[in-house]
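Okay, so here's the structure we're looking at.
The values are calculated or read from the model by the stated rules, or taken from the named source; none is laboratory data. Computed from a predicted structure; not experimentally measured. Here the Cβ positions follow ideal geometry from the backbone for every residue, glycine too, while neighbour counts run over all protein chains shown. Side chains included, ligands, DNA and RNA excluded: accessible areas come from the protein's heavy atoms. Shrake-Rupley method; radii C 1.70, N 1.55, O 1.52, S 1.80 Å.
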Amino acid sequence: MDRQSQQQQIFALVDAMNEALDKQRWRRLPSLHQKLMRLFHEYEAAETSSTELRAVKDRLHVAFAALIERREKRAELLKTRMDKHQQHQEGVLAYSMVNLISEKA
């Protein structure tokens, strides 16, 4: 496999990781990351141009930084939703308790 097609596959895996994040398929991310790193190490061993290798590393760094930022935002949104849900559940429980106590009185 030539280095150009390895680069294309590497960035196709980055795209697949973004798609998994978009579709909230969290469990796919670790296996996609492993595949990407394995392919990158093969590419790194075969690449003879330090300039080309640096360019690919820089693109990967930017892509991973964006993925991490997006994942953190999604995790924060999920946490906010779960907190609201828990507060709602606690409110329903408190209302039920007040209702139960008022029925007994």
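Computed over the alpha carbons of the chain, Rg followed by Dmax gives 23.4, 84 Å. Computed from point charges on the beta carbon alone (+1 for Lys and Arg, -1 for Asp and Glu), the dipole magnitude for the chain about its Cα centre is near 280 Debye.
Atom-type composition of the exposed protein surface of the chain places 55 percent of the accessible area on carbon and sulfur (1.4 angstrom probe). Note on the chain: helix-only mean residue ellipticity at 222 nm, from DSSP H runs of 4+ residues weighted -39500 (n - 2.57) and normalised by residue number, equals -32500 deg cm²/dmol. Across region 66-105 the C-alpha pair distances fall into 10 Å bins from zero in the proportions 28, 27, 19, 14, 9, 3 percent. For residue 90 and residue 31, the difference between the fully extended length at 0.36 nm per residue and the C-alpha to C-alpha distance is 17.5 nm. The residues of region 7-105 present an accessible area of 77 Å² per residue when probed at 1.4 Å with all protein chains retained. Taking Cβ atoms as reference points and 11 Å as the exclusive limit, the residues near residue 8 contribute a net charge of -1, counting Lys and Arg as +1 and Asp and Glu as -1. Measure nothing but the geometry: give the 0 to 90° angle between the long axis through the Cα atoms of 28-46 and the longest principal axis through the Cα atoms of the chain, rounded to 10°. For 28-46 against the chain, the angle is about 20 degrees.
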